[in-house]
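Chemist: Next up is a structure, given as structure tokens.
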Amino acid sequence: MKYISTRGDAPVLDFEGATLAGLATDGGLYVPEQWPQFSAAQIRSMRGLPYVKLTTEIMRPFVEGCLSEQELADLSAQAYANFSHSAIAPIKQLDEQLFFMELFQGPTLAFKDFALQLLGQLFGHFLQKRGQTCTIVGATSGDTGSAAIEAVRGLSAVKLFMLYPHGKVSDVQRRQMTSVDDANIFNLAVDGHFDDCQNLVKAMFNDAPFRNDLQLSAVNSINWARICAQIVYYFRAALVLGAPDQPVSFSVPTGNFGNIFAAYAAKQMGLPIEQLIIGSNKNDILTRFFETGKMQQSGTQASLSPSMDIQISSNFERFLFEASGRDAALINNLMDSFATEKSFSVSDELYAACKSHFSAHRLDDNETKAQIKHWHQQTGEVIDPHSAIGLAAAQARRSSNKVPVVCMGTAHPAKFADAVAPTIEAQVELPARLAKVMQKEEHFTRIENDLSQVQAFVREHSA
Ligand SMILES: *Cc1c(COP(=O)(O)O)cnc(C)c1O
């Protein structure tokens, strides 16, 4: 399988190249040259497969030419060995035709582990094969940092530097990062805001000699391999509920559009999906786009679901590329306008194409709390604020009561206990692996918001 850029002007790469590159050199995102197709009979034959085996079946066409079937099977087994539920992605029934997939059984208790655990394995494998090392730098406001750290800790070919704003991430989130004591992990507590951290990372990438000397790499959510790993659980959910003979719908709390884009990919590959429902918080740029046909940035506001507090849904570019019939020239125009004017509008035709695949719904913080309270009272389940938005969106936007809707549970409620506990007026139970983290010694280096100091630190410790 080959991968092409959404902006049409970057080298065509194989899976290995696209994984190690992350972003394309023309600023675009890599997508597969064509979508692998699974027939109804092939999908039927996947029923009952264990999760790791299903991962191998779904990903095989994507990695063709880069990994043997045995290598893919081994890396997948390693990636999901550290999940605390034997089903990896268990499903609960909450109501007639309303289901909840728990994507938070991984090491850092959020769905990002599905992609990053596998990405860590892939980086280790490809770098070892090439006899190369790399330096990963990243910025985090919370969930991504710990998921990336857990994914690459202990890998000898990788050094990871994670920048986070000092004093501005929650205790749980900080300790999930700083309790890791592997020698290849460096936490940098920057005196500044998340945006400062992100700007420092961008500046390091824009410094070409620095980037080349250190073999800089990124594991952010535009990496194709992350999307690829996420496709698997959509197949899994649908198979459990009767696919391909029963269509299903999905509702996904959405920020960067990576998770729900994987659902769209599953649909392109032949999985019968009725509806794809986007849930947003008050940072509702996507919901407004589906209401108006205009993508318009406004300021980011803090909400109860911080992992969705963003204004740029990077992976939406991949969907626009598909919905426009893979029109790279158009994508360049739209993205230029988005960078300079902070907005873009699509034609009536493209708008209609977008709406034929997705519907969207927004929830403010009070509605989110009400949703958490509702499910706790009805079922005893404790739902985190992100997942609660997906549940509400499903009920508001579903078009039929005959089609099961699966809502994606993206985080364990204990990660967001500050918001959840007062809402349900009860303690949120701390899972064992989180309780352990809260007692460990912390490892981090406090550093000024100063590019030359950060670069000096990275250079010194990546040697
Ligand atoms: C990252 C994240 C999201 C948003 O996922 P996208 O792929 O960025 O749309 C939702 N919920 C949680 C808990 C997250 O960590």
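The values are calculated or read from the model by the stated rules, or taken from the named source; none is laboratory data. What you see is a predicted model; the values in this text were computed from it and never measured. Quick reminder, even Gly has a Cβ in these numbers, built from the backbone with ideal geometry, and neighbours come from all protein chains shown.
Chemist: Going by the structure shown, is residue 446 in a helix (DSSP H, G or I) and among the charged types (D, E, K, R)?
Modeler: no
Chemist: How do the helices (runs of 4 or more DSSP H) wholly within region 158-250 filter down when requiring 3 or more residues that are buried (at least 19 other Cβ atoms within 10 Å of the Cβ): which remain?
Modeler: Counting at least 3 such residues, we get 171-178, 194-206, 224-240.
Chemist: Scan (1) in a strand (DSSP E or B); (2) closer than 17 Å to residue 113 by Cα; (3) hydrophobic (A, V, I, L, M, F, W, C) for the single condition residue 137 breaks and write down its number.
Modeler: All conditions pass for residue 137, except number (2).
Chemist: From the list 441, 429, pick out the single residue that is outside any helix (DSSP H, G or I), touching a residue at least 60 places away in the same chain (Cβ under 8 Å) and surrounded by fewer than 17 Cβ atoms within 10 Å (Cβ to Cβ). Give the derivation first.
Modeler: Details: 429 fails: touching a residue at least 60 places away in the same chain (Cβ under 8 Å).
After applying the criteria, what remains is 441.
Chemist: Restricting attention to region 134-148, and to residues there that are within 15 Å of the chain's Cα centre (by Cα) and among the aliphatic types (A, V, I, L, M), which single residue is nearest to residue 433 (Cα to Cα)?
Modeler: Let us first name the residues in region 134-148 that are within 15 Å of the chain's Cα centre (by Cα), namely 138-148.
Remaining after also requiring among the aliphatic types (A, V, I, L, M): 139, 147-148.
Values: 139: 24, 147: 14, 148: 17 Å.
Per the stated criteria, the residue is 147.
Chemist: Next question, about the same structure. Exactly one of these conditions fails for residue 295: (1) within 16 Å of the ligand (Cβ to nearest atom); (2) modelled with pLDDT under 95; (3) not acidic (Asp, Glu). Give me its number.
Modeler: Result: residue 295 passes all but (2).
Chemist: Is there a residue in region 250-265 that is modelled with pLDDT of 95 or more and away from the ligand (no atom under 13 Å from the Cβ)?
Modeler: Scanning region 250-265, I find no residue that is modelled with pLDDT of 95 or more and away from the ligand (no atom under 13 Å from the Cβ), so the answer is no.
Yes or no, residue by residue, for (1) in a helix (DSSP H, G or I); (2) on the phi < 0 side of the Ramachandran plot; (3) at pLDDT below 95; (4) more than 15 Å from the ligand (Cβ to nearest atom):
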{"residue": "278", "(1), (2), (3), (4)": "no, yes, no, no"}
{"residue": "289", "(1), (2), (3), (4)": "yes, yes, no, no"}
{"residue": "299", "(1), (2), (3), (4)": "no, yes, yes, yes"}
{"residue": "310", "(1), (2), (3), (4)": "no, yes, yes, no"}
{"residue": "314", "(1), (2), (3), (4)": "no, yes, yes, no"}
{"residue": "317", "(1), (2), (3), (4)": "yes, yes, no, no"}
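Chemist: Quick one: in region 398-423, which of the residues that are surrounded by 19 or more Cβ atoms within 10 Å (Cβ to Cβ) and away from the ligand (no atom under 13 Å from the Cβ) is modelled with the lowest pLDDT?
Modeler: Taking region 398-423 first, the residues surrounded by 19 or more Cβ atoms within 10 Å (Cβ to Cβ) are 398, 404-417, 419-420, 423.
Within this subset, residues satisfying the condition of being away from the ligand (no atom under 13 Å from the Cβ) are 398, 404-406, 417, 423.
Numbers: 398: 97, 404: 98, 405: 98, 406: 98, 417: 92, 423: 97.
In this case the residue turns out to be 417.
Chemist: Please tell me if residue 136 is touching a residue at least 12 places away in the same chain (Cβ under 8 Å) and over 19 Å from residue 3 (Cβ atoms).
Modeler: yes
The rows are residues; the columns are (1) within 16 Å of the ligand (Cβ to nearest atom); (2) under 29 Å from residue 173 (Cβ atoms); (3) crowded, with 16+ Cβ neighbours inside 10 Å.
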{"residue": "32", "(1), (2), (3)": "no, no, yes"}
{"residue": "42", "(1), (2), (3)": "no, no, no"}
{"residue": "49", "(1), (2), (3)": "no, no, yes"}
{"residue": "53", "(1), (2), (3)": "no, no, no"}
{"residue": "93", "(1), (2), (3)": "no, no, no"}
{"residue": "99", "(1), (2), (3)": "no, yes, yes"}
{"residue": "104", "(1), (2), (3)": "yes, yes, yes"}
{"residue": "108", "(1), (2), (3)": "yes, yes, yes"}
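Chemist: Among the listed residues 137, 158, identify the single one that is away from the ligand (no atom under 16 Å from the Cβ), more than 23 Å from residue 309 (Cα to Cα) and touching a Ser or Thr at 6+ places or on another chain (Cβ under 9 Å). Working first, answer last.
Modeler: On the way: 137 fails: more than 23 Å from residue 309 (Cα to Cα).
On inspection, the qualifying residue turns out to be 158.
Chemist: Taking residue 153, is it away from the ligand (no atom under 16 Å from the Cβ) and under 20 Å from residue 110 (Cα atoms)?
Modeler: Against the criterion (away from the ligand (no atom under 16 Å from the Cβ) and under 20 Å from residue 110 (Cα atoms)), residue 153 qualifies.
Chemist: Same structure, new question: I'd like to check which strands (runs of 3 or more DSSP E) are fully inside region 1-104 and have at least 3 residues that are within 30 Å of residue 382 (Cβ to Cβ), among the hydrophobic types (A, V, I, L, M, F, W, C) and in contact with a Cys (Cβ under 8 Å, 6 or more places away or on another chain).
Modeler: Strands (runs of 3 or more DSSP E) meeting the threshold: 98-102.
Chemist: State the number of residues belonging to region 335-368 that are surrounded by 12 or more Cβ atoms within 10 Å (Cβ to Cβ), in a helix (DSSP H, G or I) and not hydroxyl-bearing (Ser, Thr, Tyr).
Modeler: Residues flagged as surrounded by 12 or more Cβ atoms within 10 Å (Cβ to Cβ), in a helix (DSSP H, G or I) and not hydroxyl-bearing (Ser, Thr, Tyr) within region 335-368 amount to 10.
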